[in-house]
Amino acid sequence: MSALLTVEHLSMRFGGLLAIDDLCFAADERRITAIIGPNGAGKTTVFNCLTGFYRPDVGRLTLHRPQGPLYLERLDGYRIAQAGVARTFQNIRLFPAMSVLENLIVAQHNVLMRASGYSVAGLFGAARFRRAEAEAIEFARSWLERVDLVERADSPAGSLPYGAQRRLEIARAMCTRPRLLCLDEPAAGLNPRESAELTALLRSVRDREGIGVLLIEHDMSVVMGISDHIIVLDYGKKIADGTPEQVRHDPNVIRAYLGEAEHEALPAEIAADLRRDDRPT
């Protein structure tokens, strides 16, 4: 596998707090990479640096593309999105009053604007724009099929059950045609059945779309069941980096989650599901 994203010596400070401390890792294409760690470990700060919400104090964030590397730390957030990095958030951020279908069409705004020549051509029914609009609607409907929401296409997005809104948010991100999909706690608030549906969807995204998925998640049953690669943070520093099996048996991970110094594998019931810790952020 070749690296899709490389993070080199990323550091981020907020006043006297060093939130990220000299972090280095790589996320490969066609793989699901999870970033985990106790509360306050710096996971969301990493995402905010990657997606342009924060400009890091130090570090090189490289998105590797066929046409050449792109250095994300140099770009504004909207240019990062145009470059092929899509993101969801811990709290759902759909357009609740828009229909389910309209949410997916809005995600294709850049394509439609290019088709209009960044003019009023769309208002006058220019042929190029009409073709692009028809293709956008068809692409949106194909994703509604993937997330089992075709029958709710005309419903307000805010009227969907919580789990369906989570799936819609991922479909909307995929309608931007990303090379890297960043998911911030997508399983938060889901019941076991919904978590299983999410796991199947993310595997499908990885295998059928061939993109990289970068995942922050507290539900360790999801993380251990779906990830190809896991990075563990604690107080902004990387303490482990490897396969789920390697991370499960890493003594540094055991100490971070359990506050214990035993150099042994996690007990079976905890290895299956590293519990959400209660350490304050």
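Computed from the coordinates by the stated procedures, all read-outs in this text should not be read as laboratory data. Predicted, not measured: the structure shown is a model, and the values here were computed from it. Note: ideal-geometry Cβ built from the backbone for every residue, glycine included; neighbour counts use all protein chains shown.
Quick notes on this one:
- Potential lengthening between Q90 and N39 on full extension [0.36 nm per residue; Cα-Cα distance subtracted]: 17.0 nm
- Placing unit charges on the Cβ atoms only, positive for Lys and Arg and negative for Asp and Glu, gives the chain a dipole magnitude near 1200 debye about its Cα centre.
- Enclosing the Cα atoms of region 96-176 in their convex hull gives a volume equal to 82 cubic angstrom per residue.
- Beta bridge orientation in the chain: antiparallel %, DSSP, nearest 5: 60
- Helical content of the chain, expressed as a calculated mean residue ellipticity at 222 nm, amounts to -10000 deg cm²/dmol (DSSP H runs of 4 or more residues, -39,500 (n - 2.57) each, divided by residue number, nearest 500).
- Length available on full extension from E102 to A196: 0.36 nm per residue minus the Cα-Cα distance, which gives 31.2 nm.
- Whole-angstrom gap from region 69-93 to region 193-208, using each part's C-alpha centre: 22
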